[in-house]
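The values are calculated or read from the model by the stated rules, or taken from the named source; none is laboratory data. Quick caveat: nothing in here was measured; it's all calculated off a predicted structure. Positions of Cβ are generated from backbone atoms using ideal geometry, with glycine treated the same way; all protein chains shown enter the neighbour counts.
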Amino acid sequence: MSVRPSEHPPPFSAAEFIAEPTDPPDERIDVGVLIVGAGPAGLACAIRLGQLLEEQPELAAALGDVPVAVLEKGKQPGSHEVSGAVVNPRGLRRLFRGTVATQDMPFYGEVEAESVYLLRRSTAIRIPAPPTMRNHGNYVASIAQLTRWLAERAEEAGATVLPETAAEKLLLADGRVRGVRTGDKGRDRDGRPLPNFEPGSDITARVTILCEGTQGHLTGVALDRFDLQSGNPQVWALGVKEVWKVARPLRRVIHTMGWPLRAGAKYREFGGSFIYPMGDEMVTLGMVVGLDHRDAELSVHDLLQELKTHKLVRRILEGGERVGWGAKTIPEGGFVAMPRQLHAPGLLFCGDGAGLVNVPALKGIHYAVESGRLAAEAAFGALQPGRTPWAPGGLQAYDEAVRESFIWKDLQQVRNMRQAFGRGFYRGGMMAGAMTASLGKFPPGNAKTERDADQPLFST
C-alpha cells in the first residue's frame with residue numbers, strides 16, 4: 001500500500017497572507033525600496049542601491065527618510081544562516097567593483113584541494129571530480145559570518161536594517177504590491193499578548209524586493225497571486241549540517257555520493273554529502289537528500305549520523321566535538337522551475353526564492369548576490385523621474401538583465417540534470433555525464449519535473 005502526500009495537503013490559504021494596507025496613512029512606515037530578507041541576495045541588493053543612490057543624491061532625497069530598508073526576521077543578519085559553504089566569488093567581485101579585494105572578504109581561504117568519493121558501507125572509492133563540482137578558484141566561508149559582514153557594508157551604504165521584524169503579509173492595492181505588514185511582537189505560544197506586546201505595522205514602498213530565501217511564504221503567495229509559476233513545479237531537498245571543532249586540520253574540500261543512500265530507482269534517493277574545512281580547527285559536514293524520495297521512514301538527520309560512522313568521515317571527526325547544527329530546504333527545480341517572470345507590479349524576486357540554485361555544482365550564493373545586484377539596478381532605473389515601477393513592464397529590465405547574466409547561462413546548461421536522477425543513481429549519472437559533455441545541448445528541450453508531493457510513499 002502506498003500514499004501520495006499531495007492527497008493530504010496541509011491547511012494553508014494564500015489569501016490569509018495578502019491584504020490591503022490597513023493602518024491610517026499617517027501611521028504607515030513609508031520607505032523608498034523595501035527588501036524582505038537580510039541574506040546574501042537582500043544585502044547585495046541593499047549595497048548596490050546604496051552605491052547607485054550615492055551617485056544620485058537627489059533621488060535618495062526624493063525617496064524619503066528611509067530610502068532603503070531591509071527586514072530580517074532573525075535576531076541579527078546571519079542568525080538564520082547555517083554556516084559552511086564553498087562560494088564562487090564572482091558575484092561579490094561584481095558587486096564591489098574592485099573596491100573590496102577578495103582577500104579582504106570574510107573567507108577562510110581559497111580551496112586548496114578537493115576530493116570526490118563514491119562511498120559504500122566500508123569503502124571509499126575516489127573518483128575524478130565532475131566538471132560541475134570542481135572548485136578551483138572558489139573560497140570556503142561561513143555563511144553566517146559572510147552575511148553579518150554584508151549587513152555592515154549595507155548599513156555603511158545607507159540602508160536601514162531592521163532585525164527581529166518578520167514580514168507576515170503582502171500588501172496589495174490597485175493591482176500592485178504596496179509593501180508588507182509585519183508580524184505582531186510579544187505574544188506567547190498560544191497567541192495571547194504579553195506585557196511587551198507590539199502590533200505589526202504596514203510598511204509601504206515604491207518597490208518591494210522579496211529575498212526571503214528558500215520556501216519564503218510571501219514569495220509563494222505572490223507567485224500564485226500574479227500567476228507566475230513555471231509550467232514545471234519547484235522541487236526541494238533537505239540539507240542537514242553540523243559544525244565540528246576537530247583535533248586535526250582538514251586541508252581539502254570533500255564531496256561524497258552513494259552510501260548511505262540507496263541506488264535503486266524504486267527508492268528515488270538523490271543526494272550526497274559534503275565536508276568543508278573552516279580554518280584549522282573547524283569543519284562543517286552535511287547531508288543533502290531530495291524530498292522526492294519514496295521511503296516514508298527515511299530521515300536525512302539519521303542518514304547524516306550514519307554517514308559519520310564511515311571510516312573516511314570518522315577519521316576527520318575523531319577527537320573532536322560538535323558545536324552546532326542546523327537544517328534547511330534547498331530549491332532543486334533549477335532553470336525549468338524558475339518563475340515565468342521575476343517581477344510583478346511593484347515587486348521583484350531574488351535568490352533562492354526564485355529558485356536560482358545550480359544543483360550539480362552545489363552553488364547558489366553567487367547567484368543570489370548577482371540577482372540582488374541586478375534587482376537593485378532595475379529598481380533604481382524604474383524610480384527615475386518620469387518612470388513608474390508598478391506600470392506594466394516597469395520592472396521588466398530585471399528579467400532582461402537576468403537573461404543576459406551568467407545566472408541564466410549556468411542554470412540553462414544543467415537544466416535537465418536533477419530530473420535524470422529520478423531514474424536511479426547509475427542511469428542518472430550516465431545521463432548527467434552526457435549533459436555535461438554537451439554543455440546542456442543533450443537532450444534537447446526541457447525535461448518535465450515531478451512534484452515531490454506526487455511521489456507514492458511506501459514503508460520499509
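When the range 180-191 is filtered for residues that are in contact (Cβ under 8 Å) with a residue 12 or more places away in the chain and either touching a Lys or Arg at 6+ places or on another chain (Cβ under 8 Å) or part of a loop (DSSP other than H, G, I, E, B) (or both), the ones remaining, listed by number, are Val180, Arg181, Gly183, Asp184.
Of all residues in the range 109-147, those satisfying the criterion of being assigned to a strand (DSSP E or B) and either surrounded by 18 or more Cβ atoms within 10 Å (Cβ to Cβ) or of a type in the set (A, V, I, L, M) (or both) are Val116, Tyr117, Leu118, Leu119, Ala124, Ile125, Ile127, Tyr139, Val140, Ala141. Counting just the residues of the range 414-460 that are within 23 Å of Gln234 (Cβ to Cβ) and among the aromatic types (Phe, Trp, Tyr), which one comes out surrounded by the fewest Cβ atoms within 10 Å (Cβ to Cβ)? Out of the qualifying residues, it is Phe425.
Considering only residues in the range 295-318 that are acidic (Asp, Glu) and in contact (Cβ under 8 Å) with a residue 24 or more places away in the chain, the one that is surrounded by the fewest Cβ atoms within 10 Å (Cβ to Cβ) turns out to be Glu297. Taking Ser79, is it crowded, with 20+ Cβ neighbours inside 10 Å, modelled with pLDDT under 95, polar (S, T, N, Q) and out of contact with any His (no Cβ under 6 Å at 6 or more places or on another chain)? So Ser79 fails the test.
Selection over the range 243-271 of residues that are more than 21 Å from Ala296 (Cβ to Cβ), surrounded by fewer than 22 Cβ atoms within 10 Å (Cβ to Cβ) and of a type outside the set (A, V, I, L, M, F, W, C) gives a count of 7.
In the set Arg423, Arg387, Arg418, Arg451, only one residue is in contact with a helix residue (DSSP H, G or I) (Cβ under 8 Å, 6 or more places away or on another chain) and at pLDDT below 90; that residue is Arg423. Quick check, is Val313 of a type in the set (A, V, I, L, M), over 15 Å from the mean Cα position of the chain (by Cα) and modelled with pLDDT of 95 or more? Yes, satisfied.
Among the conditions (1) in a loop (DSSP other than H, G, I, E, B); (2) assigned by TED's automatic domain parsing to the domain that holds Arg322; (3) not aromatic (Phe, Trp, Tyr), the only one that Asp227 does not satisfy is (2). When Gly91, Gly50 are checked against the criterion of being in contact with a strand residue (DSSP E or B) (Cβ under 7 Å, 6 or more places away or on another chain), at pLDDT 95 or above, assigned to a helix (DSSP H, G or I) and surrounded by 19 or more Cβ atoms within 10 Å (Cβ to Cβ), Gly50 stands alone in meeting it.
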